[in-house]
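Undergrad: Sending over a structure as structure tokens; questions will come in a sec.
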Amino acid sequence: MSGSLITFEGIEGSGKSTQINLLIKKLEKLDYEVLFTLEPGGTEIGNQIRKILLDPSYKKMDNRTEILLYAADRAQHVVEKIIPALKEGKIVISDRYIDSNIAYQGYGRGLEMSMVREINEWVIRGYWPDLTILLDLEVEEGLKRARDMTPDKNGDRLEREVIDFHQRVREAYLNMAAEEKRFRIIQAGRDSMEVHRDILKAIKEEIL
Ligand code: TMP
């Protein structure tokens, strides 16, 4: 028995959480066994790593430290959560996965792409997503949404990055989606039920 891995990707404030919640409710209603998980922070160890990664006071974090922390989170996540759930035949829905690393650390930070890919391929052990939903949105709109959700309205460590950084991330996602068949690009700046219907359609076509 082998389940399916669906990942959600997108820039800050693209509405991943809202859409994942709607999708999980729908799939459970249809009697599918679903595991929701996320990166960074899908495991107990990962949750500690997440706190370090998103803390705005760590202004001195080096780009290589950053990628290795995300990779450490992912390594634990794959082994502890993703592989066992897939082996139990579940539909695994992950809020972010390997493509976040390629977009944010590879294109956003400008780290050497061959190294980013090598680290990630080592970490995911062949467990590529079966389907990746890319929620696409204007950067200005997403950032406003995301920053407004934090107590001081400035956002977490990553959300405080300059707009050019987030533009590079968005473009990276769109380029990856154009190159790889497992991606579906969904326009996110619309009514949430409309977005939900499009996501469900993609999942019915590719997974169910
Ligand atoms: P979240 O806001 O979706 O919870 O994600 C946390 C932040 O971490 C978000 O700004 C994207 C960033 N991120 C990376 O930079 N690289 C990664 O590999 C992952 C998983 C997330």
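Undergrad: Using only C-alpha atoms and all pairs of different ones, pull out the Kirkwood radius for the stretch 106-204 in Å with one decimal.
TA: Values: mean 1/r = 0.0648 Å⁻¹.
Result for the stretch 106-204 stands at 15.4 Å.
Undergrad: I've got another one for you. How much of the accessible area of the chain, probe 1.4 Å, is carbon plus sulfur, in whole percent?
TA: With neighbouring chains kept in place, the figure for the chain is 50 percent.
Undergrad: Per residue, what accessible area does the stretch 4-206 have, given a 1.4 Å probe and all protein chains present, in Å²? All intermediate terms of the calculation are to be shown ahead of the outcome.
TA: Details: 10170 Å² over 203 residues.
On a per-residue basis, the stretch 4-206 sits at 50 Å².
Undergrad: To continue, here is another question. With a Förster radius of 35 Å, plug the Cβ-Cβ distance of GLU33 and GLU171 into 1/(1 + (r/R0)^6) and report the FRET value to the nearest 0.05.
TA: Here the calculated transfer efficiency is 0.45.
Undergrad: Given 0.36 nm per residue, what is the gain on full extension from VAL79 to ILE207 after removing their alpha carbon distance, in nm?
TA: On the way: separation 128, 0.36 × 128 = 46.08 nm, distance 2.24 nm.
Full extension of this stretch gives 43.8 nm more.
Undergrad: Same structure, new question: What GluC sites (Glu not before Pro) in the stretch 52-121 are in a loop by DSSP, with at most 13 other Cβ atoms within 10 Å of the Cβ?
TA: On the way: sites: GLU66, GLU80, GLU88, GLU112, GLU118, GLU121; in loops: GLU88, GLU112.
When the GluC sites (Glu not before Pro) of the stretch 52-121 are filtered for loop state and at most 13 Cβ neighbours within 10 Å, GLU88, GLU112 remain.
Undergrad: Tell me, what ³J(HN,Hα) does each residue in the stretch 162-175 have, in order and in whole Hz, if you take phi through Karplus 6.51 cos²θ - 1.76 cosθ + 1.60 with θ = phi - 60° and put x for Gly and Pro?
TA: 5, 4, 4, 4, 5, 4, 4, 5, 4, 4, 4, 4, 5, 5
Undergrad: Nearest 500 deg cm²/dmol is fine: what mean residue ellipticity at 222 nm does the chain get from its DSSP H runs of n ≥ 4 alone, each adding -39,500 (n - 2.57), divided by its residue count?
TA: On the way: 9 runs with 103 residues, N = 208.
So the calculated ellipticity at 222 nm is -15000 deg cm²/dmol.
Undergrad: Sticking with this one: Considering only DSSP states other than H, G, I, E and B, which trypsin sites (Lys or Arg not before Pro) in the stretch 146-199 qualify as loop sites with at most 10 other Cβ atoms within 10 Å? List each step's numbers first, then the result.
TA: Working: sites: ARG147, LYS153, ARG157, ARG160, ARG168, ARG170, LYS181, ARG182, ARG184, ARG190, ARG197; in loops: LYS153, ARG157, ARG160, LYS181, ARG182, ARG190.
The qualifying sites are LYS153, LYS181.
Undergrad: Suppose R0 equals 41 Å. What FRET efficiency, 1/(1 + (r/R0)^6) with r the Cβ-Cβ distance, do LYS60 and ALA178 give to the nearest 0.05?
TA: Numbers: r = 36 Å, r/R0 = 0.87.
Working from the Cβ atoms, E equals 0.70.
Undergrad: To one decimal place, what orientation-averaged projected area in nm² is obtained for the convex hull of the Cα set of the stretch 68-150?
TA: Details: hull surface 26.5 nm².
Convex hull of Cα atoms, orientation-averaged projection: 6.6 nm².
Undergrad: Rounded to whole Hz and in sequence order, give me ³J(HN,Hα) for the stretch 185-197 from the Karplus expression 6.51 cos²θ - 1.76 cosθ + 1.60, θ = phi - 60°, writing x for Gly and Pro.
TA: Coupling constants for the stretch 185-197: 8, 10, 6, 8, x, 10, 3, 5, 6, 5, 4, 4, 4 Hz.
Undergrad: Between the stretch 25-73 and the stretch 117-187, what is the C-alpha centre distance in whole Å?
TA: 14 Å
Undergrad: What is the magnitude of the charge dipole of the chain about its Cα centre, with +1 placed on the Cβ of each Lys and Arg, -1 on the Cβ of each Asp and Glu, and no other charges, expressed in debye to the nearest 20?
TA: Details: 32 positive and 37 negative charges, 51 e Å.
My answer is approximately 240 debye.
Undergrad: Only loop residues by DSSP count here, and only those with at most 14 other Cβ atoms within 10 Å; note down the GluC sites (Glu not before Pro) in the stretch 155-208 that meet that. Spell out each step's value before the answer.
TA: Details: sites: GLU159, GLU161, GLU171, GLU179, GLU180, GLU194, GLU205, GLU206; in loops: GLU159, GLU161, GLU180.
The qualifying sites are GLU180.
The values are calculated or read from the model by the stated rules, or taken from the named source; none is laboratory data. All values derive from a computational prediction rather than experimental measurement. Positions of Cβ are generated from backbone atoms using ideal geometry, with glycine treated the same way; all protein chains shown enter the neighbour counts. We work out accessible area using only protein heavy atoms, side chains counted, and drop any ligands, DNA or RNA first. Shrake-Rupley method; radii C 1.70, N 1.55, O 1.52, S 1.80 Å.
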